[in-house]
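Student: Okay, here's the structure, questions in a sec.
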Amino acid sequence: MKTSAAPLRVTVWGENRHEQRGDERVRRHYPDGMHTAIRDGIVELLGDSVTTRISLLDDPEHGLTEEILSQTDVLTWWGHMAHRDVSDEVAERVQNHVLAGMGLIVLHSGHWSKPFTRLMGTTCTLRWRNEADRELVWTVLPSHPIAEGVPHPLIIPEQEMYGEHFDIPVPDELVFVSSFSGGEIFRSGCTFRRGKGKIFYFSPGDQDYPVYHHPDVRRVIANSVEWARPAEADRQKPFLDRYETDWFLSGAPGQGVGDADAAGK
């Protein structure tokens, strides 16, 4: 896999509430937390080409301060039972960093997280059933970098069922579609671009099953982290600006005054 000279800076965000509840299945599958398993998979496959940090919901500012986000190239997000506990201020901060170029990997129940629903502009609701369905993850865009090295199909013996209709915008790219032993199908691997940032949603990964130890699931997440790398070093959210006539001939820059001033407000 291609790497750049500077390590990719990855922040793995975890809700960490199921782990705190003392659920025996979660403790058995993830004794150090789901966030640690996700981080370990990224490091296992990307090695020295990444540096990682873990941020958790109960950290100050949910571990997503302006300083931490400004030092994050790609953010992975796993949440499930405490979406409402994420402050609107931090959710907006994450949204703004994505618009400015930070990559975002949204995992499993993160479809209902505040940052993802803000960026999608839809409810992001779906159908579900947690009865240990077998999930087959079918690659529908085999040329995509996220699908590199992923078997067709990727077989997950037991998993929570997610089914259509999934209320998201039409994806920029549909990389994976899942089918379940109960007969449902689901758009399980979707890419989006918002502002300067790239987003990948990947559904496998319920807390009741050891999905984040699955080598092929780890491959998908590692591939997506590489894919979501910022395209530009400059981290600036797009904004309304005023340019003089023939700026493209004279080389004159924009005024750099920001949205409100440029609009005359």
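The values are calculated or read from the model by the stated rules, or taken from the named source; none is laboratory data. Since the structure is predicted, the reported quantities are computational estimates derived from the model, not experimental observations. FYI the Cβ positions are ideal-geometry reconstructions off the backbone, even for glycines, and counts take in every protein chain you see. Note: accessible area is taken over every heavy atom of the protein model, side chains too, but ligands, DNA and RNA are not part of it. Shrake-Rupley method; radii C 1.70, N 1.55, O 1.52, S 1.80 Å.
Student: Of the residues G47, G41, G63, G79, which is in contact with a Lys or Arg (Cβ under 9 Å, 6 or more places away or on another chain), small (G, A, S) and at positive phi?
Tutor: G63 is the lone residue from the list that is in contact with a Lys or Arg (Cβ under 9 Å, 6 or more places away or on another chain), small (G, A, S) and at positive phi.
Student: On to the next question. Just checking, which of I185, I156 is in contact with an Asp or Glu (Cβ under 7 Å, 6 or more places away or on another chain), within 22 Å of S224 (Cβ to Cβ) and open to solvent by 60 Å² or more (accessible area, probe 1.4 Å)?
Tutor: I185
Student: Looking for something touching a Gly at 6+ places or on another chain (Cβ under 9 Å) and surrounded by fewer than 21 Cβ atoms within 10 Å (Cβ to Cβ) - is there at least one such residue anywhere in region 201-209?
Tutor: Checked region 201-209: no residue is touching a Gly at 6+ places or on another chain (Cβ under 9 Å) and surrounded by fewer than 21 Cβ atoms within 10 Å (Cβ to Cβ).
Student: So, in region 27-45, of the ones that are touching a residue at least 60 places away in the same chain (Cβ under 8 Å) and more than 17 Å from P204 (Cα to Cα), which residue ends up most open to solvent (accessible area, probe 1.4 Å)?
Tutor: That would be E44.
Student: What residue, of S87, S55, is over 16 Å from the mean Cα position of the chain (by Cα), among the small types (G, A, S) and either at negative phi or open to solvent by 30 Å² or more (accessible area, probe 1.4 Å) (or both)?
Tutor: Only one candidate qualifies: S87.
Student: When only residues in region 131-141 that are modelled with pLDDT of 95 or more and over 20 Å from the mean Cα position of the chain (by Cα) count, which is surrounded by the fewest Cβ atoms within 10 Å (Cβ to Cβ)?
Tutor: R134
Student: Report whether or not H62 is open to solvent by less than 20 Å² (accessible area, probe 1.4 Å), farther than 23 Å from N223 by Cα and not basic (K, R).
Tutor: no
Student: Another question, then. Among the residues of region 211-220, write down those that are farther than 17 Å from S143 by Cβ and open to solvent by 10 Å² or more (accessible area, probe 1.4 Å).
Tutor: Within region 211-220, H213, H214, P215, D216, R218 meet the criteria.
Student: Please work out which one of (1) under 16 Å from S109 (Cβ atoms); (2) in contact with a Cys (Cβ under 7 Å, 6 or more places away or on another chain); (3) open to solvent by 10 Å² or more (accessible area, probe 1.4 Å) is the condition L174 fails and give its number.
Tutor: (1)
Residue-wise test of (1) touching a residue at least 12 places away in the same chain (Cβ under 8 Å); (2) farther than 26 Å from R219 by Cβ; (3) among the hydrophobic types (A, V, I, L, M, F, W, C).
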{"position": "A6", "(1), (2), (3)": "no, no, yes"}
{"position": "W13", "(1), (2), (3)": "yes, no, yes"}
{"position": "R25", "(1), (2), (3)": "yes, no, no"}
{"position": "G47", "(1), (2), (3)": "no, no, no"}
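Student: Could you tell me whether any residue of region 123-134 is free of Cβ contacts under 8 Å to residues at least 60 places away in the same chain and acidic (D, E)?
Tutor: Yes, region 123-134 has at least one match.
Student: Right, something else. Give me a count of the residues in region 129-151 that are within 23 Å of F192 (Cα to Cα) and assigned to a strand (DSSP E or B).
Tutor: Residues that pass the stated criteria total 4.
Student: Continuing with this model, one more query. Which residues, taken from region 98-116, are within 24 Å of F180 (Cβ to Cβ) and either outside any loop (DSSP other than H, G, I, E, B) or open to solvent by 20 Å² or more (accessible area, probe 1.4 Å) (or both)?
Tutor: Within region 98-116, I105, V106, L107, H108, S109, G110, H111, W112, F116 qualify.
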